[in-house]
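Asker: Please find one structure pasted underneath; my questions will follow.
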Amino acid sequence: MSAQDEPGAYALLADGTTIEIRPARPGDFDAVRDMHAKMSPGNLYLRFFGTSRAAAEREARRICREPAPDHAALLALLDGEVVGCGGYEVIDDGSGSAEVAMAVADDIHNRGVGTLLLEHMISLARSRGVDAFVAQTLIENALMMQVFADAGLPVRRVVADGVYDLTFPLPAGEADAAVGTYRDAVAERERSADVASLRHVLTPDSIAVFGADGHPRSLGQAILQNIVSGGFPGPVYAVSPSVAEPDGVRCVPSAAALPEQVDLAIITAPTAAVLGIAEECGRRGVQALVVITSGLDGAARAELLGICRRHGMRMVGPNCFGVANASVPLDATLAARHPTAGSAGLALQSGGVGVVLLEHLSRLGVGTSSFVSLGDIDDVSGNDMLMWWESDAATKLAVMYLESFGNPRKFARTARRVGRTKPVLTVNVARSAAGKRLAAARGPAADAPPLTRQALLEQAGVIAAANLGDLIDTAALLASQPVPLGPRVAVLSNTRGGAMLAADACGDARLQVAGLAADTQRALRDALPATAAVAGPVNTTAAIGPGIFRQCLELVGADPGVDAILALTVTTAVSSLVPEVCAARPQVPIAAAVMDQVEAVRLLRGPDEDSPAVPAYAYPESAARALGHAARYGVWQATPLGRVPDLEGQRPDRARELIAGLLADSPAGGWLPPDPTAELLGCYGVPLVDRIAVTTEDAAIAAAARFGGPVALKADVPGLMRRRDASAVLLDLQGADEVRRGFRSLRKTFGGRLAGAIVQPMITGGVKVMISVLQEQMVGPLVLFGLGGATAYALADRVARLAPLTNSDADDLIHSIVATLLLGRPGAPSVDIAALRDMLLRISQLADDLPQVAELHLSPVVAGPDGVQAVDGLVRVQAAEPADVYLRRLQ
């Protein structure tokens, strides 16, 4: 695709307005010239260092040239009108620099047009190998200096004769320290603009409901009634050609007849009418749509989104259940009852599940801060809602039900940032074949393999519940109690059987039953009957008087080896201990299992308003699972995010040249031969076991002699991926005769397909692991790590994370598999963890730099006490274009 044909992208200005950014074309000459011609003399002077009107035509001609590698130009269009342009010219001095310049129409200054153009030019220039931008700006051009200052990149300034000469290097890669600063600045601008655009959805000043026809069972009428009875304070209009005034609400026949420009339009009209209504809304100046209507096919949905983009409207849906916001108050949903105001933000693709969660959270007293039924997620997505909640002080936890992700890598980045301050919860849905078939209708991201989805959620710190009940249980705990700082749980019960059930449940939930300190045990022994168990789990026995159970809760909560408490109670003829649990003030989070209660979960309120509520579950297993989720989140939250380190000895430019040459020779791609594979890995400093490529049996014998010990002989067969599966690897060959027979065996097996063989020394000792890369269509490169050799088949131990890995991600991978094999055990020393981490990070960087690497497998990798080496490497390449997943643009 030529630069001239490249599609544009829509993005948000600082005030939430939608704007289009696209490449300039020769046909844009008149529009670009007119924009410059309309600039005031003052702005002309600041842009061109003079006031000549001829500059407008010269600039339009420069901007609208045919595309070429040495220049690029972008336009910003608002409502189809050019309101800004920017371009760069590569400087022909071998420095890798380009001169950049921008102009913005007079009437749209201070809305972020220049900053957005600069971000898109930075992304475009980086993809084309530009290393730095240079610019000249008059000292008095404060607006342009502010654009450069706000970009988030280090700027070097030199002033002479009233002109600033500016130079700022473009981010070179993930390990470049400037990348983090720049992306943080971009992310903050994105969050601010996104929140501004969603105000029309969640805090509208006025609403119009299309399809409110007065019929008591119609969707439009139900939503209209909820809006009115929910107390929405602004003007509300019904839009229907056939109804006068349903429920006293003013009714008009069309969008054009609305007496004012409304913020939010809710569309419940028949499918065939939706596109026409949306177009009318756009022309009337409506700011946002919530499309309840379902049944739109792919073409209609694309056209609907196009209408929204052209008119700058944000859209929820289609095929959704509505939106709500407790702070307004706004209830524009199909829920049977108004949601209770509270602390949980809800964003869900399933409207039915959303209504259920609204009911449960209201019953529990947790309540909701805001609710958005996302439907088909054609525009407003989970990413948008995460940014809204990040800015919303009323939201204490974010609850999501997502079958697909609009931009998975952006979701991971945003969720990771939000999760540092408030928990993000979801349900891990579509795990079964039948569930996947239903989810596939939402989009291709629903088809992501379970390991990919798990990696995405775990790396982002998202709490992934196994089912809806698990989600509600965990939300109840996190809404009422502090987050545990670790996995050590003190179990306290007034029955021995309950204590055993709780202990087993903790083990199943990957929690540790805390063993109590000697001082704690002595204090418990003094307070409890002689038959009580006090080491942990604690069995108080049923024969305890009032106040004793509370005293014990506070004792174990003060133990330094306890991160949380699981208290089990059974009501007996002697006493009911529920009030004791409510009155206790332990120093750590607490969850209760009231095993004779009817409700699956409820919140026990304390004796006064300052007392935190205690979540009480009907079963200890539910309490333990909720504590397990919360404890793992607490550990993740306390673990530093880490950074992508700058590793020595990398040559990414040579790697790109190598891949480009290989794909030029074989455009279809495929599995690389051994020599290019070794060179590619060498560009990233990945250590391989010594190897010698041979084509004859005599050469194989000579190579084996050079290694001076037992060797492995591997077939070099073009296109062969799994050498071992095809009997293409012969191990532990000793002496010339065995090597000769081995080579002849390979020749007999593969015949004319055999290009030669690889001779390697046998590697003994160490722990065999595997490191792989898979390029996933929706999430980018995935780094997989697990045990290798026979152990891998026995334990099936494999974990994954999205590239690029931080050092913390790499450590998490290493510690997520069977740790005793890697970290040492009696008689077996620990492997070189630093070297293993280094290899993971190098492979991650390779995968992130080279999207053309579709698959990479290092197996086995032998990790020993003195280092790590890959025995074999396989790489498959295919044509691919790098994509800037962090660029600000609407999906």
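Asker: Name the residues whose placed amide hydrogens come within less than 5 Å of the amide hydrogen of Asp716, ignoring near sequence neighbours (fewer than 5 apart) on the same chain.
Answerer: Ala755, Gly756, Ala757, Ile758
Asker: To continue, here is another question. Which net charge results for the neighbourhood of Gly752, defined as the other residues with beta-carbon distances under 15 angstrom from its beta-carbon, given Lys and Arg at +1 and Asp and Glu at -1?
Answerer: +3
Asker: Placing +1 on the Cβ of each Lys and Arg and -1 on the Cβ of each Asp and Glu in the chain, which of Ala835, Ala135, Val104 has its Cα farthest towards the positive end of the resulting dipole?
Answerer: Selected residue: Ala835.
Asker: How many nm is it between the label spots at Asp184 and Glu303, if each spot is 7 Å from the Cα in line with the beta carbon?
Answerer: The answer from the label model is 4.7 nm.
Asker: Once the Cβ-Cβ distance between Ala664 and Arg22 is put in as r, and R0 is 25 Å, what FRET efficiency do you end up with, to the nearest 0.05?
Answerer: Working: r = 30 Å, r/R0 = 1.18.
According to the calculation, E is roughly 0.25.
Asker: Dipole of region 194-345, Cα-centred, from +1 at each Lys and Arg C-beta and -1 at each Asp and Glu C-beta, to the nearest 20 debye?
Answerer: That gives a dipole near 200 debye.
Asker: For the pair Ser229 and Val252, what calculated FRET efficiency results from E = 1/(1 + (r/R0)^6), where r is the Cβ-Cβ distance and R0 = 25 Å, to the nearest 0.05? Walk me through the numbers before you get to the answer.
Answerer: Numbers: r = 21 Å, r/R0 = 0.85.
Calculated transfer efficiency: 0.75.
Asker: Shifting gears a bit: Apply 1/(1 + (r/R0)^6) to the Cβ-Cβ distance of Asp34 and His109, taking R0 = 25 Å, and write down the FRET efficiency to the nearest 0.05.
Answerer: Details: r = 18 Å, r/R0 = 0.71.
Using R0 = 25 Å, I get an efficiency of 0.90.
Asker: Please give the peptides 495-502, 321-328, 563-570 ranked by average Cβ packing (other Cβ atoms within 10 Å per residue), highest first, as a rough proxy for protection.
Answerer: Output ranking for 495-502, 321-328, 563-570: 563-570, 321-328, 495-502.
Asker: Using the charge dipole of the chain (Lys, Arg: +1 at Cβ; Asp, Glu: -1 at Cβ; taken about the Cα centre), state which of Leu12, Pro259, Tyr88 has its Cα farthest towards the positive end.
Answerer: Positive-most Cα among the choices belongs to Leu12.
Asker: Still on this structure, please answer the following. Of all accessible surface on region 639-720 at a 1.4 Å probe, what whole percent is carbon and sulfur?
Answerer: 53
Asker: Through the Karplus equation 6.51 cos²θ - 1.76 cosθ + 1.60, θ set to phi - 60°, convert the phi angles of region 30-42 into ³J(HN,Hα) values in whole Hz; use x for Gly and Pro.
Answerer: Once rounded to whole Hz, the list reads 4, 5, 5, 4, 5, 4, 5, 5, 7, 5, 5, x, x.
Asker: Take every DSSP beta bridge with both residues inside the chain and express the antiparallel ones as a percent of the total, to the nearest 5.
Answerer: Percentage antiparallel, nearest 5: 65.
Asker: The chain: D in µm²/s via Stokes-Einstein (Kirkwood Rh, Cα pairs, 37 °C, 0.692 mPa s)? Don't skip to the end; give the middle numbers.
Answerer: Numbers: Rh = 31.2 Å.
After rounding, the answer is 105 µm²/s.
Asker: Let me check I've understood the local charge: for Pro579, count other residues with C-beta under 14 angstrom from its C-beta, Lys and Arg +1, Asp and Glu -1. What total comes out?
Answerer: Around Pro579, the surrounding residues sum to +1.
Asker: Here's a follow-up. Of the heavy-atom accessible surface of region 561-631 (probe 1.4 angstrom), what whole percent is carbon and sulfur?
Answerer: Carbon-and-sulfur percentage of accessible area, whole number: 52.
Asker: Write down the Kirkwood hydrodynamic radius of region 485-561, to one decimal in angstroms, obtained as one divided by the mean of 1/r over all alpha carbon pairs.
Answerer: Details: mean 1/r = 0.0806 Å⁻¹.
Mean inverse Cα-Cα distance, inverted, gives 12.4 Å.
Asker: Assuming a ≥ b ≥ c are the square roots of the Cα gyration tensor eigenvalues, decide whether region 1-124 counts as rounded (a/c under 1.5), prolate (otherwise, with a/b larger than b/c) or oblate.
Answerer: The shape class here is rounded.
Asker: Also, I was wondering about something else. Calculate the spin-label point distance for Ile139 paired with Arg525, positioning each point 7 Å from the Cα along the beta-carbon direction, and give it in nanometres.
Answerer: In this crude label model, Arg525 to Ile139 measures out at 8.2 nm.
Asker: Report, in whole Å, the centroid distance computed from the Cα atoms of region 316-342 and region 356-379.
Answerer: Answer, in whole Å: 8.
Asker: Also, I was wondering about something else. Mind listing the long-range amide H neighbours of Ile266? Cut-off is under 5 Å, sequence gap 5 or more, other chains count too, H placed in the peptide plane at 1.01 Å from N.
Answerer: Ala208, Val209, Phe210, Val290
Asker: What accessible area per residue, rounded to a whole number of Å², is obtained for the chain using a probe radius of 1.4 Å?
Answerer: Values: 35970 Å² over 891 residues.
So the chain comes to 40 Å² accessible per residue, rounded to a whole number.
Asker: Mind checking the dipole of region 307-417: about its Cα centre, +1 per Lys or Arg Cβ, -1 per Asp or Glu Cβ, Debye to the nearest 20?
Answerer: My answer is approximately 360 debye.
Asker: Take the alpha carbon atoms of region 631-780, find their radius of gyration, then divide it by 2.2 N^0.38 Å using N residues; give the quotient. Display every interim value, and only then the final one.
Answerer: Values: Rg = 19.6 Å, N = 150, 2.2 N^0.38 = 14.8 Å.
Against the empirical 2.2 N^0.38 Å value, I get 1.33 for region 631-780.
Asker: Per residue of region 544-555, in order, report the coupling 6.51 cos²θ - 1.76 cosθ + 1.60 (Karplus, θ = phi - 60°) as ³J(HN,Hα) in whole Hz, putting x for Gly and Pro.
Answerer: Listing the rounded values in order: 10, x, x, x, 5, 4, 4, 4, 5, 4, 6, 5 Hz.
Asker: Moving to a separate point now. Give me the compactness ratio for region 284-414, meaning the Cα radius of gyration over 2.2 N^0.38 Å.
Answerer: Compared with the compact-globule rule of thumb, region 284-414 sits at 1.03.
Asker: Can you list the residues, at least 5 places off or on another chain, whose amide H is less than 5 Å from the amide H of Asp832, using H built in the peptide plane?
Answerer: Answer set, sorted by chain and number: Gly864, Asp866, Gly867.
Asker: Which of the lysines could a cross-linker span from Lys422 if the Cα-Cα distance has to be under 26 Å and same-chain partners fewer than 8 positions apart are dropped?
Answerer: In chain and number order, the partners are Lys396, Lys410.
Asker: If packing is taken as the mean number of other Cβ atoms within 10 Å per residue, what is the order of 508-514, 687-693, highest first? The partial results should precede the final answer.
Answerer: Values: 508-514: 18.9, 687-693: 17.1.
For the peptides 508-514, 687-693, the packing ranking is 508-514, 687-693.
Asker: Same structure again: Positive end of the charge dipole of the chain (Lys, Arg +1 and Asp, Glu -1 on Cβ, about the Cα centre): tell me which of Ser294, Ser192, Ala736 has its Cα farthest that way.
Answerer: Projecting each Cα onto the dipole axis, the largest value belongs to Ala736.
Asker: Relative to the Cα centre, what is the charge dipole magnitude of the chain, using +1 at the beta carbon of each Lys and Arg, -1 at the beta carbon of each Asp and Glu, and rounding to the nearest 20 debye?
Answerer: 1760
Asker: Can you give the net charge of the other residues whose Cβ lies under 12 Å from the Cβ of Pro487, counting K and R as +1 and D and E as -1?
Answerer: +2
Asker: Looking only at region 81-139, where both bridge partners belong to it, what percent of the DSSP beta bridges are antiparallel (to the nearest 5)?
Answerer: Bridges in region 81-139 are about 70 percent antiparallel.
Asker: Still on this structure: For region 90-149 and region 578-621, what is the separation of their Cα centres, given in Å?
Answerer: Region 90-149 and region 578-621 have Cα centres spaced 58 Å from each other.
Asker: Using the Karplus curve 6.51 cos²θ - 1.76 cosθ + 1.60 with θ = phi - 60°, work out ³J(HN,Hα) for each residue of region 858-864 in order, rounded to whole Hz, and write x for Gly and Pro.
Answerer: Couplings: 10, 7, x, 9, 9, 9, x Hz.
Asker: Whenever you get a sec, compute what percent of the accessible area on region 115-196 sits on carbon and sulfur atoms (1.4 Å probe).
Answerer: On the way: 1730 of 3360 Å².
Percent of accessible area from carbon and sulfur atoms in region 115-196: 52.
Asker: A further question on this structure: Could you work out the relative contact order of region 618-767, using alpha carbon pairs under 8 angstrom and six or more residues apart, expressed as a whole percent? Present the calculation step by step, with values, prior to reporting the outcome.
Answerer: Values: 160 pairs, mean separation 37.5, N = 150.
Dividing the mean separation by the residue count of region 618-767 yields 25 percent.
The values are calculated or read from the model by the stated rules, or taken from the named source; none is laboratory data. Here the structure is a predicted model, which means the values were calculated and not measured. As a convention, Cβ positions derive from the backbone with ideal geometry for all residues, glycine included, and neighbour counts pool all protein chains shown. Heads up: the accessible areas ignore ligands, DNA and RNA and are worked out on the full protein's heavy atoms, side chains in. Shrake-Rupley method; radii C 1.70, N 1.55, O 1.52, S 1.80 Å.
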